[in-house]
1. For segment A:173-189, give me each residue that is away from ligand 1 (no atom under 16 Å from the Cβ) and open to solvent by less than 10 Å² (accessible area, probe 1.4 Å).
2. So which pairs qualify, if the first residue must be in segment A:193-206 and over 20 Å from A:ARG180 (Cβ atoms), the second must be open to solvent by 50 Å² or more (accessible area, probe 1.4 Å), the Cβ gap must be under 7 Å, and the two must be at least 6 apart or on different chains?
3. Within segment A:1-32, how many residues are open to solvent by 30 Å² or more (accessible area, probe 1.4 Å), among the acidic types (Asp, Glu) and more than 18 Å from A:GLU128 (Cα to Cα)?
4. Would you please list the contacts, defined by Cβ atoms under 7 Å and residues six or more apart or on different chains, that run from a residue in segment A:178-190 that is more than 7 Å from every other protein chain (Cβ to nearest Cβ) to a residue that is basic (Lys, Arg)?
5. Of the conditions (1) more than 10 Å from chain A (Cβ to nearest Cβ); (2) in a helix (DSSP H, G or I); (3) farther than 29 Å from B:PRO246 by Cα; (4) out of contact with any Lys or Arg (no Cβ under 6 Å at 6 or more places or on another chain), B:TRP340 satisfies every one except a single condition; which number is it?
6. For segment B:343-363: of the residues being more than 20 Å from A:LEU38 (Cβ to Cβ) and over 23 Å from the mean Cα position of the chain (by Cα), which is farthest from the other protein chains (Cβ to nearest Cβ)?
7. B:ALA318 is checked against (1) within 26 Å of the chain's Cα centre (by Cα); (2) more than 7 Å from chain A (Cβ to nearest Cβ); (3) free of Cβ contacts under 8 Å to residues at least 60 places away in the same chain and fails just one. What number does that condition carry?
8. With without any contact (Cβ under 8 Å) to a residue 12 or more places away in the chain, closer than 25 Å to B:PHE169 by Cα and part of a helix (DSSP H, G or I) as the only criterion, which of B:ALA37, B:ALA54, B:ALA97, B:ALA42 stands out?
Amino acid sequence: MNELQQAVEQSPFAASELASDVDLLFYAMLTVCGFVALGVTVAMLDFCIRYRSGKQVDRTLRLRNLRLPEYIWIGVPLLIFLGFFVWGATLFMRYQQLPPEDALRIHGVGKQWMWKFYHPGGQREINELHIPVDRPVVVVLSSEDVIHSFFVPAFRVKQDAVPGRYTRTAFTASEPGTYRLFCAEFCGLKHSKMRGQVEVMSAQHYAEWLDTREQSPTLAAAGEALFRTKGCSGCHAVDSAVHAPDLRGIYGRIVHLRDGRSLRADVAYLRDSILLPEKDVVAGYQPIMPSFADQLTEEELLKILAFLQDFDERDAP
Amino acid sequence: MSNATSAGDYRATKSYLHHEPHSIRAWLLTTDHKRIAWLFIASITFFFVIGGLAATLIRLELITPVGDLLTAEGYNRTFSLHGIVMVWFFLVPAIPATLGNFLLPIMIGARDLAFPRLNLLSWYVYILGALFTVFAVVAGGVDTGWTFYTPLSSMFANGNVVAAIIGVFVVGFSSILTGINFIATVHTMRAPGLTWFRLPLFVWAIYATALIMVLATPVLAITLLMVALERLFQIGIFNPALGGDPLLFQHLFWFYSHPAVYIMILPGMGVVSEIITCFARKRIFGYRFMAYSLLAIAFIGFLVWGHHMFVSGQTTYASLAFGLLSFLVAIPSAVKVFNWTATLYKGRIHFDGAMLYALGFVALFTIGGLTGLFLASVALDVQVHDTYFVVAHFHYIMVGGMVMAYLGGLHFWWPKISGRLFSEFWAKVSAITIFVGFNLTFFPQFIMGYLGMPRRYHTYTPEFTSYHVISSLGALLLAAGYLLPLLNLGWSMFWGKRSGSNPWHATGLEWQAHSPPPPLNFESVPEVTEPPYNYDARDPFDGSRPQ
Ligand SMILES: [Cu+2]
Ligand SMILES: [Cu+2]
C-alpha cells in the first residue's frame, strides 16, 4: 500500500464542521426508514405465515372504518417527511450561508481532466489542494470545457463547476489529514482519473507551505498586469481618449444599463461584460468593447476578475 | 359476471397463436394486440440481453480498482450502452407494450385496442429506432451516458452522438403512439358495467402511465433535437461558448426523465396489485386510494425534476421547493406499500412463483422508495448525488421493482398468454435467486455511495474494492437468476401442461377468455356486474391445479 493510500485511510471520515451534522441527519433518517422497512417486512412475513392457505384461523375482518387506516398512513408519513424536510433544509441553508469576510478564497478550475487551484497569493496547484484547518474556505468554481463536479466526501460537499458561470462551495475543515477529491460529474474519457487530494494542515504549516511554493505575483497583481497587456486600460484608463466607463470600484456597484435595467456588478456580471459585452451595455456608452471570449483563458479571466474585485479609487492603472 | 366460455364453436376457434395465417409475414403484419405484444416481448428480451451483457462487462471491470478489462473509452461506451438500452428500449416499453398490450383490451372486455394499426406502427417505430441506435452505439460508440449532458454531448463527445439521439428520438414516438392508443381504449372501449371504479388496478396503472408518456415524451424529443442541432450547426442553445445555457438542458431533460421513472414503475405497481389480491384471495385493501395514488404519483411526478440538480448551481430556493415536492411524491407510494401489506391481512395466502415475485417487489420497492427520501433531503443529496448511492437507489426501483414486477406478471399471465403451465418449482427458485442476487449486487452500493464512491468511474480508489467485489459476485447470481425464467417459460411454451382458462381461480375479465384467447378475445361482449377483486365471494381455492 502506498503512502497516499495510507494517509487517506488514516484520516477521519468526517472532517468538516458540517460533516457531523450531515451524518446526524443521515443516521436519523436511516433509523426511521430502517424501522419502516423492518415494520413492513415483519408485517408481511407475519401475515404470510398466519394467514397462509390451509391454516385454520379466524379470517373475518372486523374493521368498521376502512378509511381510517388510509388516513393514518397518509398523515403519519406526511408529518415525518415534513420533519425531515425541515431538518435537511435548515442544514442546507447553512451550506449556502455567505462565508465570512476573512474566509480563504480559492479559485478552482475544472478542465478535462484535472483540477487547477489558485490561492489568493498566486500559488497554483494541480489535483491537490492545501488548506488550513479550522478556517472557512470558499472555493469559487468554473470550468474551461464541460461540467465537472468538485466533491470531497469527507467534507460532505459537492458542487458542479459549470462552464460559463461561477459556482461556489464553502466549508471549514476540522481535522488535519489527507482527503480524497473526486470529480463527480461525468466529463468524458478520463473522468475517473480526475481526482486528487485535499491536504488539511495547521495554519502554521499552511503558511510554511505557501512560502515553499514558487514565488509568483498575487492573483490580483497578475490581473492588473493583464489589464494592461490585454489592452483593457487602453480604453478604460481614466485619461483614455476612448469613452469607456471608469472601472475603479466597479465591484458591487449598481450599474445602469442602456436598456433601462439596473443590476449589481457581481462576478457573473463582470465576467459577462468581458466575454459577452453586447449582452449588458452600460447606459451612456457605445457598444464598442470587443468580446474577449477567444483571447482570455479561464485562468487569465479569473486573474482579471480578482483584480477588478479589489480595484478601488486609490489605485490608478 | 357473465361467463362466455361454454359455447361450442367458441371453443373450436383457434387461439391467436394458432389461427391462420401464422407465417412470419402474418406475424409481422398483424394488428392483433396479442401478437403485437409478442413482437414486443421478443424485442425487449433481446434488448434486455444486450443491456445485461453490458452490465456484466461493467461489473467484471469493477472487480479491481484499476482498468484491466476495458479501456477508459470502452468502459464509458459500455455504461452508456447499458443505460440507453435498458432505459429506453427495455424499461420504458417493458410492461406497457407487452403485458399492457396483451391484457388491456381483454381486461376491459374489448376485442382489441382502439387503433390496432397504430399499435403495429408503434412496434415498427420502436424496433427500427432501437436497432438503429444500438447499431450506432456499437459501431461508432457513444460515451455520454444515457443522460447526454451538455455541453459534453453537444460539443465535446466523440462518436455517434447524433445518431444515437435520433434513434432515441424516434423510439419516443413509439411511446407516444402507445400512450394515445391506451388512453383512447380505456376511455371508449370498456365493457358494459365496467365503470372506472370497477377497473382492475393494472388498467389504472397503465392508464396513468399512458398519460405520462403522452405528456412528457414530446419534451424529451424537443430537447434531444436541440442537442443535435447544436452539434450539427453550432446553434448556441446549451453551450455557453455559443451563448447557451448548459443547465437548461438539465431542466428539460429531467422534466421528461423524472416522470419517465414513473413510466417505468407505475405499470409494475399495477401488476403487483393483481398478483397479491389473487394469491391472498382477498379484495385489495383501499382500492380507491390505490387508484388515486397512481394518478397522484403521475401528477406530482411532473413537479420534482429539479431534485437531480441540487448541486448544479440551481438557486437555493428552487432546490428547497423541489426537495419538498420530492418528499410529497413519496406519500402515494407509501400508501401503496401499506395497502399491499394490509391486503395480506386475514387473507388466504398462496405462495406461487408469481406471488414470490410480487412479495419481492414490495420489499425491494420499499427500500428503493425509502432511500429516495435521502435524495430528496437536500443536505444529504449533496453528499450522495452522483455516487453509487444513487445508482443503488434507482436500481432498487427499476430493477428490483420493475423487473421483478415484469417477471411476476409474466408468470402470472403466462397461462393466459401461452395456454400452458410452467414449473412452479423453478419459478420459485428463480424468484428467490433473483431476490438474493439483487440485494447482494446493489446493497453494498448504498454503503460505498455514502462513503463517496462516484458513479461512472472506470477506475477507483482502493478503499472501495471490497464493496465492488461483493457487488460483482452478486451480479453473477443475478444473471443466473434471470436465465431461469427464460428457460422455464421457454420450456413450458412447448411442453408445459395445458393450463385451462383460469388456473389461479382469479377474478377479472381476462380469466374468462379462453387460454390462449382466440383472435377476438371473447365470443360475446362480457358484462360486468360486480366490483373488482371479488375474491371474498369466491371459492376459497385450495391451491390444486388442473391436471
Ligand atoms: Cu468528471
Ligand atoms: Cu427524479
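1. To start, the set of residues in segment A:173-189 that are away from ligand 1 (no atom under 16 Å from the Cβ) comprises A:173-179.
Listed by number, the residues that qualify are A:ALA173, A:TYR179.
2. Listed pairs, sorted by first residue: A:SER202/A:PRO176; A:ALA203/A:ARG135.
3. Looking only at that region, the number is 2.
4. Pairs found: A:LEU181/A:ARG195; A:CYS183/A:ARG195.
5. Single failed check for B:TRP340: (1).
6. Per the criteria, the residue is B:PHE351.
7. All conditions pass for B:ALA318, except number (1).
8. Values: B:ALA37 fails: without any contact (Cβ under 8 Å) to a residue 12 or more places away in the chain; B:ALA54 fails: without any contact (Cβ under 8 Å) to a residue 12 or more places away in the chain; B:ALA97 fails: without any contact (Cβ under 8 Å) to a residue 12 or more places away in the chain.
The unique qualifying residue is B:ALA42.
The values are calculated or read from the model by the stated rules, or taken from the named source; none is laboratory data. Every value quoted in this text rests on a predicted model; they were computed, and no experiment measured them. Cβ sites come from the backbone with ideal geometry, for glycine too, and all protein chains shown count toward neighbours. Just so you know, the surface numbers come from the protein's heavy atoms only, side chains and all, with ligands and any DNA or RNA stripped out. Shrake-Rupley method; radii C 1.70, N 1.55, O 1.52, S 1.80 Å.
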